[in-house]
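The values are calculated or read from the model by the stated rules, or taken from the named source; none is laboratory data. Source: prediction; values computed, not measured. Neighbour counts run over all protein chains shown; Cβ positions are idealised from the backbone, glycine included.
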Amino acid sequence: MTRTVGLVSALALASVPAGCASPASAPVATPPAAALAASPPRVVLPPLPDIPLPADAPKPGEWTTWSRDQKMTYMKGSFMTAERAIFASWEPVRFKEITCHHCHGPGVIDGTFRLPNPDLPRLAPGADGFRELLAHEPEVLAFMQKRVVPETARLLGMAPFDMETHTGFSCYQCHVRQG
Ligand code: HEC
Ligand code: HEC
């Protein structure tokens, strides 16, 4: 899929190097105030069921120290169970059968599980791109921003994206940033 969608630069900041590396920590420019002011979409998301942190979840900062086998076991087990609940809270019919492929795409086929996934919609950083997404796909934006990003970060023991420091787990962990 090559569709490109917009995204405020504030969400876009922790760009991720190819190959499942940890989020980049280099700070980038502050987004325009107008973009931030426009950010609360008038969307009421369906409630998220209580998803307790799995007992085998990585402790904060631990994920990058895990072996591939450990990561694989966690992904196949309690991580996947939690992600199913997250995606099903939004579109239960569409995401009834969520698999590794939804996030990892071609990385499943070649065995690398590399992220970001070039088959997910590419996201256009910048305030204009963000306004488009907010105007036309406010529910998607809200679900990704308020559910997928923070919950996935929590499940991986990573810091969620932080507007102040512009670091942490962001959209670009999974989606390719439009160049
Ligand atoms: C909701 C999205 C999502 C789903 C579904 C998902 N993963 Fe992942 N996966 C991730 C994220 C995010 C990472 C962490 C990337 C990082 O380390 O920065 C990851 C990392 C991995 C890694 C480690 C890759 C590396 O090089 O360190 C493996 C292996 C993996 N996943 C396997 C799987 C398997 C197998 C499944 C299906 C059972 C699966 N994943 C389902 C999002 C997902
Ligand atoms: C953990 C991985 C992950 C992260 C992080 C993530 N997404 Fe997604 N995104 C997905 C998956 C999986 C889909 C569904 C793909 C499919 O339908 O096969 C998706 C779909 C989308 C779509 C298309 C929705 C549709 O209905 O077709 C948009 C737009 C999007 N994401 C934007 C974002 C934005 C903006 C962020 C950051 C605020 C973000 N995503 C963060 C995994 C992620």
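Here is a yes/no grid of residues against (1) out of contact with any Pro (no Cβ under 7 Å at 6 or more places or on another chain); (2) touching a residue at least 60 places away in the same chain (Cβ under 8 Å):
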residue	(1), (2)
A82	no, yes
A85	no, no
T112	yes, yes
E132	yes, yes
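Exactly one condition in (1) farther than 20 Å from V176 by Cα; (2) near ligand 1 (Cβ under 7 Å from one of its atoms); (3) surrounded by fewer than 17 Cβ atoms within 10 Å (Cβ to Cβ); (4) of a type outside the set (S, T, N, Q) is false for F79; which is it?
Of everything listed in (1) farther than 20 Å from V176 by Cα; (2) near ligand 1 (Cβ under 7 Å from one of its atoms); (3) surrounded by fewer than 17 Cβ atoms within 10 Å (Cβ to Cβ); (4) of a type outside the set (S, T, N, Q), F79 misses just condition (3).
Conditions (1) crowded, with 21+ Cβ neighbours inside 10 Å; (2) at pLDDT 95 or above; (3) of a type in the set (G, A, S), marked per residue:
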| position | (1), (2), (3) |
| --- | --- |
| D119 | no, yes, no |
| P125 | yes, no, no |
| H136 | no, no, no |
| E139 | no, no, no |
| G157 | no, yes, yes |
| F161 | yes, no, no |
| Y172 | yes, no, no |
| G179 | no, no, yes |
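Restricting attention to region 81-90, report how many residues are more than 8 Å from ligand 2 (Cβ to nearest atom) and of a type outside the set (G, A, S).
4
Tally up the residues in region 145-167 that are within 11 Å of ligand 2 (Cβ to nearest atom) and assigned to a loop (DSSP other than H, G, I, E, B), please. Before the answer, list the steps.
Residues of region 145-167 within 11 Å of ligand 2 (Cβ to nearest atom): 145-153, 155-156, 158, 160-161.
Checking the rest, the ones that are also assigned to a loop (DSSP other than H, G, I, E, B) come to 156, 158, 161.
Number satisfying all stated conditions: 3.
Yes or no: P54 at pLDDT below 95 and either more than 9 Å from ligand 1 (Cβ to nearest atom) or under 18 Å from the mean Cα position of the chain (by Cα) (or both)?
In short, no.
Among the residues of region 23-37, are any modelled with pLDDT under 85, within 11 Å of ligand 1 (Cβ to nearest atom) and assigned to a loop (DSSP other than H, G, I, E, B)?
From region 23-37, those modelled with pLDDT under 85 are 23-37; that's our starting set.
Right, trim to within 11 Å of ligand 1 (Cβ to nearest atom) and you get 23-24.
Of the ones still in play, those that are also assigned to a loop (DSSP other than H, G, I, E, B) are 23-24.
Among the residues of region 23-37, at least one is modelled with pLDDT under 85, within 11 Å of ligand 1 (Cβ to nearest atom) and assigned to a loop (DSSP other than H, G, I, E, B), which makes the answer yes.
Suppose we keep only residues that are of a type in the set (V, I, T) and assigned to a loop (DSSP other than H, G, I, E, B) within region 91-144. Which one would you say is nearest to ligand 2 (Cβ to nearest atom)? Let's see the steps before the verdict.
Just the residues of region 91-144 that are of a type in the set (V, I, T), to begin with: 93, 98-99, 108-109, 112, 140.
Still in the list and also assigned to a loop (DSSP other than H, G, I, E, B): 93, 98-99, 112.
Details: V93: 12, I98: 7, T99: 10, T112: 16 Å.
Residue satisfying both the conditions and the ranking: I98.
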